[in-house]
Amino acid sequence: MNIHEYQGKAILKSFGVRVQEGIVADTAEQAVEAAKKLKVDYNSDWVVIKAQIHAGGRGKGGGVKLAKNLEEVREKAGKIIGMQLITPQTGPEGKLVSKVLIAQDVYYPGESETKEFYVSVLLDRSRGRNIIMYSTEGGMDIEEVAEHTPHLIFKEEIDPKVGLQGFQARKIAFNLGLSGDAFKDMTKFIASLYKAYEATDSSMFEINPVLKTSDNKILAVDAKVNLDDNGLFRHPDFAALRDTSEEDPTEVEASKSNLNYVKLDGNVGCMVNGAGLAMATMDIIKLAGGEPANFLDVGGSANAETVKAGFNIILSDPNVKAIMINIFGGIVRCDRVSQGVIDAYKEIGNIPVPIIVRLQGTNAVEAKKLIDESGLQVYSAILLKEAAALVTKVLENK
């Protein structure tokens, strides 16, 4: 689950990570009041106005602005709130900005130069261990750094038996070229950041940039935090941070029915029980000459209600020309799923596209008989190659 920058910073701060302070605002007037409070607490006359959307590259799209007085805060915040912000990560349609973060200016003059770094914490799936990835080239797209200067990206692997060790935090600070107070502050920053990552069951922390200020403080200027959905039951307060306006409406609707759904750009909708089987089904659809329109996993307890919800979600996509249902009857009996398909079909009414149902496992023969005798526009199969042939057939007739 993605959350906004201001929410991520609040989590980091609660674990002792120093962050760029800020106040979120929904209107231009609220932004002005927020700027007044920041100027009381900090000695800079400047504030930063940052659009809050679930996408990076906001500055490139005009979603990050500096303001030197309250009038500029009102003007620039008013322009950002309500804009359709297009960044390299939003796609051409962009995202609607409904709130901004009014943040302190941390690039103030001092005895030494400021320096930006990149730090992230994530799981290395190939190693089965958490890693801290970091670079001296902060403030830039890390993909660009990895492509053109890979030697500037460092990784520190964390042994799950002992966790992050002090020498590892010091090694990171050393590789970033720090010394003195900045070195000490970076080791504390890394330790607190990793503690927050583990304690919140997150799947990724990305801080870009981590800033060394002119008075040698280390702080997070940005915060991209991705919380693991599977760990939310341990953090009910985090569930309230979800902003459904930032998500695809169809995916939000699917989650209400406990369906795992991801929209794709193809013409064959698929409904499957199990993520691995869903991936195999999408491969079969492509081999049959179609393109998958979605990933939809109904889980191990498919019934008439889940099938009906799946139908409604798939049919909301106008590009769908056929639907393939692929169920392996292990936990659930195939004949029950088959009856659920028939009941859902009749309840929904006129379904304008052909449906291929492939059922394998417990009572698969009985399930096929139910489908064949239903009199509905439903094609049944037991083997995957039979289902693939039916997909080809119905697409040729379209």
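Worth pointing out:
- Filter pass, L219 being at pLDDT 90 or above, in a loop (DSSP other than H, G, I, E, B) and of a type in the set (A, V, I, L, M): no
- Count of the range 80-101 residues, restricted to those that are of a type in the set (V, I, T), in contact with an Asp or Glu (Cβ under 9 Å, 6 or more places away or on another chain) and either surrounded by 21 or more Cβ atoms within 10 Å (Cβ to Cβ) or part of a strand (DSSP E or B) (or both), is 2.
- Note on the range 313-325: residues that are more than 14 Å from Q339 (Cα to Cα), in contact with a helix residue (DSSP H, G or I) (Cβ under 7 Å, 6 or more places away or on another chain) and not small (G, A, S) amount to 5.
- Odd one out for A367 among (1) touching a helix residue (DSSP H, G or I) at 6+ places or on another chain (Cβ under 6 Å); (2) at pLDDT below 85; (3) closer than 19 Å to N267 by Cα: (3)
- Scanning the range 233-254 for residues that are surrounded by 14 or more Cβ atoms within 10 Å (Cβ to Cβ) and either over 30 Å from G63 (Cα atoms) or acidic (D, E) (or both) yields a total of 7.
- Qualifying positions in the range 175-187 - without any contact (Cβ under 8 Å) to a residue 24 or more places away in the chain and within 32 Å of the chain's Cα centre (by Cα): T187
- Odd one out for S112, checked against (1) touching a residue at least 60 places away in the same chain (Cβ under 8 Å); (2) in a loop (DSSP other than H, G, I, E, B); (3) among the polar types (S, T, N, Q); (4) within 18 Å of V225 (Cα to Cα): (4)
- Residue count, the range 214-270 (criterion: of a type in the set (K, R) and in contact (Cβ under 8 Å) with a residue 40 or more places away in the chain): 4
- Hey, G139 assigned to a loop (DSSP other than H, G, I, E, B), closer than 26 Å to Y194 by Cβ and over 19 Å from the mean Cα position of the chain (by Cα) or not: yes
- Search result, residues across the range 257-294 that are within 19 Å of Q360 (Cα to Cα), exposed (fewer than 15 other Cβ atoms within 10 Å of the Cβ) and under 22 Å from the mean Cα position of the chain (by Cα): A275, G276, M279
- Only a single criterion out of (1) part of a helix (DSSP H, G or I); (2) under 21 Å from G91 (Cα atoms); (3) aromatic (F, W, Y) is not satisfied by F238, namely (2).
- Every residue from the range 282-300 that is farther than 25 Å from R336 by Cβ and outside any strand (DSSP E or B): D283, K286, L287, A288, G289, G290, E291, A293
- Meets criteria (assigned by TED's automatic domain parsing to the domain that holds E198, free of Cβ contacts under 8 Å to residues at least 60 places away in the same chain, crowded, with 16+ Cβ neighbours inside 10 Å and among the hydroxyl-bearing types (S, T, Y)) for T149: no
- Yes/no for K346 being at pLDDT 85 or above and out of contact with any Gly (no Cβ under 9 Å at 6 or more places or on another chain): no
- Selection of the range 192-208 for residues being in contact (Cβ under 8 Å) with a residue 40 or more places away in the chain and either in a helix (DSSP H, G or I) or surrounded by fewer than 20 Cβ atoms within 10 Å (Cβ to Cβ) (or both) yields S192, L193, Y194, K195, A196, Y197, E198, A199, S203, M204, E206.
- Given (1) surrounded by fewer than 17 Cβ atoms within 10 Å (Cβ to Cβ); (2) under 18 Å from L264 (Cβ atoms); (3) among the acidic types (D, E), index of the condition D297 fails: (1)
- Residue in the range 104-123 that is among the small types (G, A, S) and within 27 Å of the chain's Cα centre (by Cα) present: yes
- Qualifying positions in the range 314-325 - within 27 Å of the chain's Cα centre (by Cα) and either farther than 18 Å from A254 by Cα or without any contact (Cβ under 8 Å) to a residue 60 or more places away in the chain (or both): I314, L315, P318, N319, V320, I323, I325
- Residue pairs meeting the criteria (Cβ under 9 Å; at least 6 apart or on separate chains; first without any contact (Cβ under 8 Å) to a residue 40 or more places away in the chain, in the range 116-132; second surrounded by 23 or more Cβ atoms within 10 Å (Cβ to Cβ) and part of a strand (DSSP E or B)): I131/V121
- Summed over the range 222-232, residues that are crowded, with 16+ Cβ neighbours inside 10 Å and part of a helix (DSSP H, G or I) total 1.
- Scope the range 142-174; condition within 25 Å of the chain's Cα centre (by Cα) and aromatic (F, W, Y); matching residues: F154
The values are calculated or read from the model by the stated rules, or taken from the named source; none is laboratory data. Given the structure is predicted, the values throughout are model-derived calculations rather than measurements. Counting neighbours? That spans all protein chains shown, and the Cβs are built from the backbone with ideal geometry, glycine included.
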